[in-house]
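Let me begin by presenting the structure, written as structure tokens, before commenting on it.
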Amino acid sequence: MERVIHSAILGRLLPDSSEAERRRRELRRIHRLMGNLSWFRRQVRRRVKEFTRGIEIGPGDGALARLLYLDPKLRDKLALTGLDRSARPAAWPLPWEWRREDVREFAGWGDYPLVVANLVFHRFADEDLGKIGKALDQSCRLLLAVEPARRGLHLAELRLLRLFGVSRTVYEESRAAIHAGFLGSELVEALGLSARRWKFDVEGTFRGAYRLIAERH
């Protein structure tokens, strides 16, 4: 299945509309089914002594940051900055910084050795991913990313969720996300991260997640 990128349906909705909020709730349920947030928490917990300052790309509604902030093992040890073109979401922890900028134009990577991205990279074409990866390669020491795994199995799983009440709009958006997802070393190659400088751990899960841990040697 060839990688195909579609525009996000949710991004065309007014962010404060009741319809947008309902769809965000549905997407959060899908994220929980994929196990995304709990995976990030486990990874950050293991490394918080080494990586106390980081940045989250495209935090959306701030659910991941809120989970990390409320974790008693992380709250007083981690400082996370949000980076997004959108305004700071209500769920974003008040003590943590928010940068309203386009990730493709951001120039402050040097302050953040830890970079976190939850279902973000699949929205970008390879050309943009190469630009982002070049910036990350200058200063990032640990990249944690979860994206959709581009497999027919996960399209079938999504159809089952549609039968159990997922709205048509969220179904279409999630379907588009799977088609824009990654397999194997595709994300690493698109970012242009070299094996000479980085160690990679890539895994795909039965529940549709493509997980990447990239650590600088």
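None of the figures in this text is laboratory data; all of them are computed from the coordinates on show. Just so it is clear, the model here is predicted, and its values are computed rather than measured. All Cβ positions, even for glycine, are placed from backbone atoms using ideal geometry, and neighbour counts span all protein chains on display.
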Please state, as a whole number in µm²/s, the translational diffusion coefficient that the Stokes-Einstein equation yields for the chain at 37 °C and 0.692 mPa s, with Rh defined as the Kirkwood radius across alpha carbon pairs. 186 µm²/s
Relative contact order for the chain, counting Cα pairs under 8 Å that sit 6 or more residues apart, in percent: 23 percent
Please report how far the C-alpha centroid of segment 187-217 lies from that of segment 108-130, rounded to the nearest whole angstrom. 12 Å
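Once the piece of chain linking ASP128 and ALA79 is laid out straight, how much longer is it, given 0.36 nm per residue of separation minus the C-alpha distance between them?
15.0 nm
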The extension gain from VAL4 to ARG216, computed as 0.36 nm times the residue separation minus the Cα-Cα distance, is 73.4 nm
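Taking loop as defined by DSSP and a crowding limit of 11 other beta carbons within 10 Å, which trypsin sites (Lys or Arg not before Pro) in segment 23-76 fit?
LYS49
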Give me the lysines in straight-line cross-link reach of LYS73: C-alpha distance below 16 Å, same-chain residues under 8 apart excluded. LYS49
GluC sites (Glu not before Pro) restricted to DSSP loop in segment 99-149 with at most 15 other C-beta within 10 Å: GLU101, GLU105
Taking +1 at the Cβ of each Lys and Arg and -1 at the Cβ of each Asp and Glu, which of LEU27, SER86, VAL103 sits farthest along the dipole of the chain towards its positive end, judged by Cα position relative to the Cα centre? LEU27
Assuming R0 = 22 Å, can you tell me the calculated FRET efficiency for the pair GLU172 and ASP71, based on Cβ-Cβ distance, to the nearest 0.05? 0.05
Over segment 101-217, one equal point on each Cα, no solvent: what is log10 I(q)/I(0) by the Debye formula at q = 0.15 Å⁻¹? -0.68
Rounded to the nearest 500, what is the chain's calculated 222 nm mean residue ellipticity when only DSSP H runs of at least 4 contribute -39500 (n - 2.57) each, over all residues? -11500 deg cm²/dmol
